[in-house]
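To start, the structure under review is shown below, and the notes come after it.
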Amino acid sequence: AEAEKVDKDLKDADYKVVKVEVKDVKRNPAPPFITSTLQQEASRKLNFGVRRTMMVAQQLYEGVDVGSGVTGLITYMRTDSVNLSNVALKQAKEVITEKFGAEYALAEPRRYKGKKGAQEAHEAIRPTDLSLFPDEAARFLDRDQARLYELIWKRTIACQMAQAILGKTGANIEAFKSGSTTGYLFRATGQTVKFAGFM
């Protein structure tokens, strides 16, 4: 009944853009993975259950033969620390500069604050060698391992990349009848990517 009333009230109405707002919005990347966030993202993006995620992560941690012997591909997967070592931060900057360009790298590394009481003994979950790109690693991995490695690699690299800059536009559109407002206001929003940054 309510919808029919709105439909009737707006029949043959004229619409006018009454306000336009344009602004730039900066977006920051997510922090590197801890155990819980890895499980959430693997569920969301890869459709992995918790057990499957942890089993595959264990395999990547214990090591895979990448042609030069068995090598552990990720750091320990049970951690609630979002810290990355200085070695990892330095390598991330080098990889980003080489693969994406200097404008995507940070002048100073981005450091994340962990939750109070977090066990800081381990690093965040990250590839042991960031220069091992997912497509290269995939040659030595099964499908599940390759997909989880790629998820971890992308998250680690993204967290050390420049912010994304989005152009956001919002328009308020009012409905009029016979020159008078109907009291109905519509809002349309959209965004464009001005600088992709970590995205």
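The values are calculated or read from the model by the stated rules, or taken from the named source; none is laboratory data. Only a predicted model underlies this, so the values are computations on that prediction, with no experimental measurement involved. Because the Cβ atoms are built from the backbone with ideal geometry, glycine has one as well, and the counts that use them run over all protein chains shown. Side chains are part of the model used for accessible areas, which takes the heavy atoms of the whole protein and leaves out ligands, DNA and RNA. Shrake-Rupley method; radii C 1.70, N 1.55, O 1.52, S 1.80 Å.
Below are the figures for this structure:
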{"quantity": "Relative contact order of region 58-185, pairs being alpha-carbon contacts under 8 Å that are 6 or more residues apart, as %", "calculated": "27 percent"}
{"quantity": "Heavy-atom accessible area per residue - the chain, 1.4 Å, Å²", "calculated": "61 Å²"}
{"quantity": "Size of charge dipole - the chain - debye, nearest 20, with Cβ of Lys, Arg +1 and Asp, Glu -1, no other charges", "calculated": "500 debye"}
{"quantity": "Residues of type aspartates and glutamates that residue 168 reaches as a straight line, Cα spacing below 20 Å, ignoring anything fewer than 8 places off in the same chain", "calculated": "21, 24"}
{"quantity": "Whole-percent carbon and sulfur share, accessible surface of the chain, 1.4 Å", "calculated": "51 percent"}
{"quantity": "Sites residue 87 and residue 20, calculated FRET efficiency, Cβ-Cβ separation with R0 41 Å, nearest 0.05", "calculated": "0.25"}
{"quantity": "Region 69-96-region 122-196 distance, computed between alpha-carbon centres (Å)", "calculated": "22 Å"}
{"quantity": "Dipole magnitude (debye, nearest 20) for region 74-145, charges at Cβ of Lys, Arg, Asp, Glu", "calculated": "380 debye"}
{"quantity": "28 Å Cα-Cα threshold exceeded, pairs from 26/99; 11/194; 90/115", "calculated": "11/194"}
{"quantity": "Student exercise, region 1-82 dipole from Lys, Arg, Asp, Glu Cβ charges, in Debye to nearest 20", "calculated": "160 debye"}
{"quantity": "Peptides ranked, highest mean first, by Cβ atoms within 10 Å: ranges 16-27, 78-89, 43-54", "calculated": "78-89, 43-54, 16-27"}
{"quantity": "Charge dipole of region 5-111 about the Cα centre (unit charges at C-beta), most positive-ward option of 42, 17, 64", "calculated": "17"}
{"quantity": "Furthest towards positive pole of dipole, 137, 159, 176, structure part the chain, Cβ charges", "calculated": "176"}
{"quantity": "q = 0.12, 0.18, 0.21, 0.22 Å⁻¹: log10 I(q)/I(0) that the Debye formula gives for region 1-101, counting C-alpha atoms only", "calculated": "-0.66, -1.10, -1.28, -1.29"}
{"quantity": "Partners for residue 93 among aspartates and glutamates (Cα-Cα distance below 19 Å; same-chain residues under 8 apart left out)", "calculated": "103, 108, 123, 129, 150"}
{"quantity": "Set of lysines with alpha-carbon distance to residue 8 below 22 Å, sequence-local pairs under 8 removed", "calculated": "16, 177"}
{"quantity": "Two-site label geometry, residue 2 and residue 50: point separation in nm, points 7 Å out along Cα→Cβ", "calculated": "3.8 nm"}
